[in-house]
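Have a look at the structure below before the remarks.
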Amino acid sequence: PTCLHPTALATTAITRSSVDFSWTASTSTPANGYQWEVRTSGDPGSGATGLAASGTTAAGITNAQATGLTANTNYFIYVLSDCGSGDLSSWTSATSFTTPCVAVDIPYYEDFSSVTVPAIPNCMSIQTVSGNPWTTNATVLAGMTAPAARISYTNSGSPVMDSWLYTAGLNLTAGVSYQLIYKYGNNSTFYSESMSVAYGTGNTEADMITPLLDHPSINDNTLHIDTVNFTPATSGVFYIGFKCYSIANQYYLYVDDISVTLTPSCYSPVASAWIAPDCANSQYL
């Protein structure tokens, strides 16, 4: 070919509605610059179906920005060289990226029912600092509805775990009390799992600066349901993280039915003793 395509196509910034990308210039030094397409489907140059954005750059310009994209969507970028007089290169191979999710309002609920195992639901995320990642699995503890989130040992030997499962981004308001409820448990009375829960303004371990609960010894092969109330000091997007920090060579740890709601102003009666709540005076009778 007399006109060669560029190389090293890569994204440099991704938002919910845009992407910046760049490439290494073609060795053909194209006189008319470059053409590019961002698509959800279809081959480059194949027409409007699947085409999300397109454009051109002048000679010597090796970066561009596509706007008007949709959150939580997988896209493919292609670029070709325009050497002038109709002499076009082939398109580059696709470079894919996914736009981030839009933060969700409260109430938030995740029961993992929408996934095909072992996938994590869209807009949740995982971070594996060490050990094995969180996945979903169709085999769950009694009291859970399959599938559920699970972290697993490795047959050949499991390392020490430092593995996070994060909720979607949650729109929270300063000074408002929220209630987190979740189910968890392990599948053995011999092996012991450890899990902590925290929240923060990002979905990385460094962002999880506010601890909520800690479960250092989960070892009874029993379903647990835990509740904790928390009040953010500032308004914004927050993530709740579930960290498995089990020692090496344990077994299975499960999490299911994660919900975040406004903290109730009046709680249900205690069924075992039928203790009626006095909601007007915020105390039990």
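The values are calculated or read from the model by the stated rules, or taken from the named source; none is laboratory data. What you see is a predicted model, and the numbers here were worked out from it, not measured in a lab. With ideal geometry, Cβ positions are generated from the backbone for all residues, glycine too; neighbour counts draw on all protein chains shown. In case anyone asks, the SASA skips ligands and DNA or RNA and just uses the protein heavy atoms, side chains included. Shrake-Rupley method; radii C 1.70, N 1.55, O 1.52, S 1.80 Å.
Around PHE97, what is the net charge, scoring Lys/Arg as +1 and Asp/Glu as -1 over all other residues with Cβ under 13 Å from its Cβ?
In short, +1.
Evaluate E = 1/(1 + (r/R0)^6) for ASN63 and ASN171, where r is the Cβ-Cβ distance and R0 equals 25 Å; express this FRET efficiency to the nearest 0.05.
0.15
Cα centroids of the stretch 21-95 and the stretch 104-182: how far apart, whole angstrom?
Centre-to-centre distance over Cα atoms comes out at 37 Å.
Using the Cβ atoms and a cut-off under 13 Å, what net charge is assigned to the surroundings of ALA138, where Lys and Arg are +1 and Asp and Glu are -1?
0
With each pseudo-label sitting 7 Å past Cα toward Cβ, what's the THR145-ALA248 distance in nm, one decimal?
Spacing of the two 7 Å Cα→Cβ label points: 4.0 nm.
On the protein heavy atoms, probe 1.4 angstrom, tell me the percent of accessible surface of the stretch 10-149 carried by carbon and sulfur.
49
Which FRET efficiency, nearest 0.05, do SER235 and VAL160 yield, Cβ-Cβ r, R0 41 Å?
Here the calculated transfer efficiency is 0.65.
Could you give the nm distance between label points at PHE97 and THR116, where each point is 7 Å from its Cα heading toward the beta carbon?
2.6
Please compute the net charge surrounding THR73, taking Lys and Arg as +1 and Asp and Glu as -1 over other residues with Cβ under 13 Å from its Cβ.
+2
How far apart, in nm, are two points set 7 Å out from the Cα along the Cα-to-Cβ line at SER130 and at LEU223?
Distance between label points: 3.4 nm.
Choose one answer from SER46, SER188, SER217: the residue with the largest mean-square fluctuation in a GNM of the chain with alpha-carbon springs under 10 Å.
Taking springs between Cα atoms under 10 Å, the residue moving most is SER46.
Express in nm, to one decimal, how much length is gained between THR49 and THR29 on full extension, taking 0.36 nm for each residue of separation and deducting their alpha carbon distance.
4.1 nm
Report the residue, chosen from TRP134, TRP164, TRP91, that carries the largest GNM mean-square fluctuation when the chain is represented by alpha-carbon nodes joined by springs under 10 Å.
TRP91
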